[in-house]
Amino acid sequence: MLSASELERYARHIVLHEVGGPGQAALKRARVLVIGAGGLGAPALLYLAAAGVGTLGVIDDDAVALSNLQRQVIHDTPGVGVPKVASAAAAIRRLNPHVAVETHAARLAADNALDLIGRYDVVADGSDNFATRYLVSDACFFAKRPLVTAAVGVFDGTLTTVRAHERGSDGTPNPSYRCLFPEPPPPGSVPACAEAGILGALTGVLGSMMALEVIREIVGFGEGLVGRLVMVDARSMRFETLQYGWDPSNPLSGEHPTIRDLSGHR
């Protein structure tokens, strides 16, 4: 399945026992949707493209601004004013012409989320607001798609994988995003990065980790982050991992679910 140029391009993957030819072929077959081409999505898209993911979808309704370029490394100065999905697609094609790019210049919403997410094998959420994160996680549950989700604050970040539509080896349902974060914080309690600022390199760290976790989900090596939340403190350069489990009272996948579709999202 891999051409001579692809064998050379991915040689450092192929010599890895945990990846090899079969793993690289799995990457080539994979379809990954990245939510947002911003601080987290930018490095994730670049590393997923470099890794040889066969089809990358990217959804974003914004255009490149000069203030984005401090952290959104897939974009460049000549691209200011260009739709982010177009800028990202051009960068991916320059990096790896073997990767197909599907652009969605729109905002993810309740009326398009299930259809869009259902077209892909894995979803990587790099959105910058709580409403989208809850929408994506609920949609992935209903579409039965694994979700890798990351978030960053001023000097901190988090990363986890959600496969809430499946059960663990003991038969217990895997935790949902709502098991970890039952409710979003009150509006206005978490300032946007335009107000509080954000360390550009930190988004690079979390975005790259997000890409690594997506690759792990596709290839199947090591231990994934289902039920584990990685927390990064950039001030002290500390990494900690929190274990979390299924909450029987969660409204999405609990014993008595009250969320049965996406109609509650606006």
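The values are calculated or read from the model by the stated rules, or taken from the named source; none is laboratory data. Quick caveat: nothing in here was measured; it's all calculated off a predicted structure. Every residue, glycine as well, gets a Cβ built from its backbone with ideal geometry; the counts of neighbours run over all protein chains shown. Only protein heavy atoms, including side chains, enter the accessible area calculation; ligands, DNA and RNA are left aside. Shrake-Rupley method; radii C 1.70, N 1.55, O 1.52, S 1.80 Å.
Largest mean-square fluctuation among D125, D138, D247, in a Gaussian network model of the chain whose springs join Cα atoms under 10 Å apart, belongs to D247.
Cα convex hull, the range 141-199: 111 Å³ per residue, rounded to a whole number. Once the mean of 1/r is taken over each pair of separate Cα atoms and inverted, the range 63-205 shows a Kirkwood hydrodynamic radius of 17.0 Å. The helix-only estimate of mean residue ellipticity at 222 nm for the chain, built from DSSP H runs of length n ≥ 4 each weighted as -39500 (n - 2.57), is -9500 deg cm²/dmol after division by the residue total. When a 1.4 Å probe is rolled over the protein heavy atoms, the share of accessible surface on the chain that falls to carbon and sulfur comes to 55 percent. Taking the Kirkwood radius as Rh and the Cα radius of gyration as Rg, the chain has a ratio of Rg/Rh equal to 0.95. Accessible area per residue for the range 76-144, computed on protein heavy atoms with a 1.4 Å probe, is 44 Å².
Could you report the range 175-266's accessible area per residue, 1.4 Å probe, as an integer in Å²?
Per residue, the range 175-266 has 57 Å² of solvent-accessible surface.
Treating r as the C-beta distance of A11 and T241 and R0 as 51 Å, the FRET efficiency rounds to 0.95.
Alpha-carbon geometry of the range 58-138: the Rg and the Dmax are 13.4, 37 Å, given in that order. For the range 52-117, the list of trypsin sites (Lys or Arg not before Pro) that fall in a loop by DSSP and count at most 16 other C-beta atoms within 10 angstrom reads R107.
Ranked from largest to smallest solvent-accessible area, with a 1.4 Å probe on the protein heavy atoms, D111, D156 come out as D111, D156.
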